[in-house]
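Working notes for the structure below.
The values are calculated or read from the model by the stated rules, or taken from the named source; none is laboratory data. Model, not experiment: these values are computed from the prediction. Every residue, glycine as well, gets a Cβ built from its backbone with ideal geometry; the counts of neighbours run over all protein chains shown.
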Amino acid sequence: MGKKQKYDSKEAGLAVSLIMGKYFLKAEDLHYGYWTEDMELDISNMVKAQTKYSEQLISHIPEGVKTILDVGGGAGMTTKRLLEKGYKVDCLTPSPDLAAAARKNIGRDSDVFETKFEDLKTDKKYDLILFSESFQYVPTRYSIPKSLKILNKNGYILISDFFKTGAPGQKSALSGGHTLSKFLEFIENFPLELIKDVDITDFTAPNMDIVNGFIIQVAQPMWNIIFKYFDMNYPKGFKVLKKIYRKKIEKTEKKFFAGRLNGEQFKIHKTYRIMLYKGP
Ligand SMILES: C[S@@+](CC[C@H](N)C(=O)[O-])C[C@H]1O[C@@H](n2cnc3c(N)ncnc32)[C@H](O)[C@@H]1O
């Protein structure tokens, strides 16, 4: 009998984010917002901030680019925007939930590849390979060689994502991102010219303050109520469950409720970059 496939926790997290975004914000973007000084830091401005992020990203696409592969395209919203701007775009995501959403959001003229980028099999080639907050999900030893394989002559790789700074001291509560210095060392081995490197950390860090607000004002009180409910109504069974999952509960509380998921911490441990590379 074949091994039972597990549901990856990051993919599950993205699918939940999509459901929440659709319900609360009427939006399906799965990337950070770009917060400028004139914007009040409030969840009601999230969609505006995400739109600003998309505008920023798209403004870095060089002239002459016609075909794009949106790697880790989520629910296809960036693909959709690029199509509206006249580019020919395909979208890729390994998540069946996100691929289904992407198929709904973009027309039939685009391919939606439902696969990990490293497993992609295609004869197609593109002028630009786009990683919008998806670069961190693919090991660089696969993402760079694979991109070069499907890139047209003098094509581009556009990476917009956060990296780990490798700051010393306490380990970050924020997961995700390749270590920047290791990535820069690695990419030296490839015939790629760095054309642009824009640091947008200060504009994206505020997203973590929004997340922190949600944790403190919504998630933590809800967590406490659920625990109280089961403690008072099903004391014996719940005690056993808490014992079995003690380590997981402690880890979750330490990660989410210790107040270490905020913009200030993001700026210490992460650096959000838009990087444009030109291929041979
Ligand atoms: C944070 S979302 C970004 C979505 C979208 N690009 C955006 O900007 O809204 C990360 C995306 O990367 C995808 N992903 C995860 N692992 C991947 C892999 N190995 N190869 C390609 N995409 C991957 C996820 O399914 C998801 O679509």
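Scanning the range 118-134 for residues that are within 24 Å of S54 (Cα to Cα) and within 9 Å of the ligand (Cβ to nearest atom) gives L130, F131, S132, E133, S134. Look at (1) modelled with pLDDT under 95; (2) within 19 Å of the chain's Cα centre (by Cα) and you find that P139 fails only one, number (1).
Give D197, D161 a once-over and let me know the one that is among the charged types (D, E, K, R), at pLDDT 95 or above, within 13 Å of the ligand (Cβ to nearest atom) and not in a helix (DSSP H, G or I). Talk me through it step by step, then tell me what you get.
Values: D197 fails: within 13 Å of the ligand (Cβ to nearest atom).
On inspection, the qualifying residue turns out to be D161.
I'm trying to understand the selection: among the residues of the range 126-168, which are touching a residue at least 40 places away in the same chain (Cβ under 8 Å) and among the charged types (D, E, K, R)? Answer for the range 126-168, where residues must be touching a residue at least 40 places away in the same chain (Cβ under 8 Å) and among the charged types (D, E, K, R): D127, E133, R141, K153, D161, K164.
Based on this model, can you work out whether K171 counts as part of a helix (DSSP H, G or I) and either touching a residue at least 60 places away in the same chain (Cβ under 8 Å) or more than 20 Å from G279 (Cβ to Cβ) (or both)?
Numbers: part of a helix (DSSP H, G or I): no; either touching a residue at least 60 places away in the same chain (Cβ under 8 Å) or more than 20 Å from G279 (Cβ to Cβ) (or both): yes.
Judged against the criteria, K171 is not a match.
What is the number of the single condition among (1) in a helix (DSSP H, G or I); (2) within 21 Å of the chain's Cα centre (by Cα); (3) under 30 Å from K124 (Cα atoms) that L148 does not meet? With (1) in a helix (DSSP H, G or I); (2) within 21 Å of the chain's Cα centre (by Cα); (3) under 30 Å from K124 (Cα atoms) applied to L148, the lone miss is (2).
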